[in-house]
Amino acid sequence: AKFRELGDRFRMGRGLNDLGELMRQQGDYERAGKYYEEALEIFRVARSGVALPAGNLAWVWLYRGNYAKANTLFEESLKLNKEYDNTIGMLVNLGGFAAILGMIGKPEQAACLFGALESLLESSGMTESLDVLDQIEIDHYVAAVRGQFDEATFAKAWSVSNTMTLEQ
């Protein structure tokens, strides 16, 4: 409210994104989505900072089962994170794409991408750099994918991608 009063749209957008994070952490995806959408609108008008709320809103649409909308938002976030050379942002998007694959009946591809994500995080020294909320989302979807396989098949699909680069 104060940032609105001051006309500080950037901080208002950041605050709305943070409120979305809080709501998502509490499992209130409905309210989280509303905050993220408002933040995204502000950042699109400002032509800055779009990658963060776009990626966050993608997780909300993934949770809601709208995989096409989630995919579109992850793509937008990935493109911007690539432009900003934000490796951790690109890796979070990779986790989102893997989650979508797992939810649309492509668990082997999902496990492969999740394996690539883990390998890339480790090789870049960024394992501890993931936002806690993003890690929770990724862990949730890894478990969902793992539940679609026996352990040997899951491990094989996971390990296929150990040598993949982020570009691949």
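Return a yes/no flag: does segment 22-33 have any residue that is farther than 24 Å from Glu128 by Cα, outside any helix (DSSP H, G or I) and touching a residue at least 12 places away in the same chain (Cβ under 8 Å). Let's see the steps before the verdict.
Step one: of segment 22-33, the residues farther than 24 Å from Glu128 by Cα are 28-33.
Retained after the next criterion (residues that are outside any helix (DSSP H, G or I)): 28.
Going one step further and asking which of them are touching a residue at least 12 places away in the same chain (Cβ under 8 Å), we end up with none.
No, segment 22-33 contains no residue that is farther than 24 Å from Glu128 by Cα, outside any helix (DSSP H, G or I) and touching a residue at least 12 places away in the same chain (Cβ under 8 Å).
Of the residues Tyr84, Tyr141, Tyr67, the single one that is aromatic (Phe, Trp, Tyr) and under 16 Å from Pro53 (Cα atoms) is Tyr84. Residues that are touching a residue at least 24 places away in the same chain (Cβ under 8 Å) and farther than 27 Å from Leu22 by Cα within segment 111-146 comprise Ala111, Cys112, Leu113, Gly115, Ala116, Ser119, Leu120, Ser124, Arg146, listed in sequence order. Looking across segment 18-54 at every residue that is hydroxyl-bearing (Ser, Thr, Tyr) and buried (at least 24 other Cβ atoms within 10 Å of the Cβ), the one that is nearest to the chain's Cα centre (by Cα) is identified as Tyr36.
Of the residues contained in segment 94-110, one or more are found to be under 28 Å from Asn17 (Cβ atoms) and aromatic (Phe, Trp, Tyr).
None of the figures in this text is laboratory data; all of them are computed from the coordinates on show. Since the structure is predicted, the reported quantities are computational estimates derived from the model, not experimental observations. Don't worry about glycine lacking a Cβ; one is built from the backbone with ideal geometry, like all the others, and counts go over all protein chains shown.
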